[in-house]
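A quick write-up on the structure given underneath.
Derivation of every value follows stated rules applied to the coordinates shown; laboratory data play no part. These numbers come from a predicted model, not from an experiment. Neighbour counts run over all protein chains shown; Cβ positions are idealised from the backbone, glycine included.
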Amino acid sequence: MIFIAILAALIVPYLLGSIPSGYLLVKYTKGIDVRTVGSGNIGATNVQRVLGMKGFLWVLFFDALKGYISVVAINAVFGAKYPGVVMIAAASAVLGHTFTIFLNFKGGKGIATSLGVFLALAPLSVVTDLVVFSITFYFFRYISLGSILCSFLLPIFIFIYGEGGFYNLVLLLAASLAVFIIYKHKANIKRLIEGTESRLEFKAAPGKEEKK
């Protein structure tokens with residue numbers, strides 16, 4: 001049974017996480033491959049360059065939902081007997097998003113999917129993290145800076161709150177994903193240091209005129 005649980009936790013969340021919502025949304029609405037735009041990333045920030053803030057929010061929602069469903073579903077089926085497989089499912093969903101099988105194993109940076117994962121595992125820590133992100137974004141307008149900072153702080157918040165049904169495992173997962181996500185942002189870190197990182201501004205999708 002443990003073999004089936006591990007296999008399910010590896011495959012199902014990975015495939016769910018692999019659904020490239022940003023790529024699909026831009027392709028369906030604009031007929032554009034979002035990988036040819038801006039940073040070439042399929043995440044919400046790059047989608048915003050094509051579809052505006054509405055596109056950003058939709059992709060953020062769907063990418064987070066992938067992580068949330070992955071954790072909740074595997075926990076419901078196997079969590080009571082094998083709590084460790086829930087952590088496998090969480091990691092697998094994030095890896096599915098960042099190395100999606102549907103786009104030659106090139107995907108996003110894992111922020112939104114990690115958000116969904118920890119919303120299921122440690123909601124209070126995530127809410128606190130979102131407050132920090134909102135303050136950081138308000139003053140600096142850098143999505144990457146807020147993402148890096150919140151990735152670093154999430155394990156600390158989980159430790160402070162003692163949150164998560166599988167406390168030590170949740171903390172270990174948060175710390176591991178923090179290292180992974182910060183590494184995925186290495187190019188952003190370089191641009192932040194050089195002062196060349198792009199700020200995210202609230203605007204309509206390109207080509208749309210604001211109503212007066």
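Assorted remarks:
- The residues THR36, THR128, THR113, when put in order of fewest to most other Cβ atoms within 10 Å, stand as THR36, THR128, THR113.
- Listing LYS54, LYS66, LYS184 from fewest to most neighbouring C-beta atoms within 10 Å gives LYS54, LYS184, LYS66.
- q = 0.11, 0.13 Å⁻¹, the chain: log10 I(q)/I(0) [Debye, one scatterer per Cα]: -0.51, -0.71
- Equivalent ellipsoid semi-axes, the range 53-114, via Cα gyration tensor eigenvalues times 5, rooted, Å: 23, 14, 8
- In the range 101-207, the GluC sites (Glu not before Pro) that fall in loop regions by DSSP, at most 13 other Cβ within 10 Å: GLU201
- Three-way shape call for the range 49-163 based on the alpha-carbon gyration tensor, with the a/c threshold at 1.5: oblate
- Rounded to the nearest Hz, the phi-derived 3J(HN,Hα) couplings of the range 44-61 under the Karplus curve 6.51 cos²θ - 1.76 cosθ + 1.60 (θ = phi - 60°) are 4, 5, 6, 4, 4, 5, 9, 10, x, 5, 4, x, 4, 5, 5, 5, 4, 5, where x marks glycine and proline.
- Legend: distances between Cα atoms for LYS81/LYS184; LYS81/LYS106; LYS30/LYS184; LYS30/LYS186; LYS109/LYS190; pairs beyond 25 Å are LYS81/LYS184; LYS81/LYS106; LYS30/LYS184; LYS30/LYS186.
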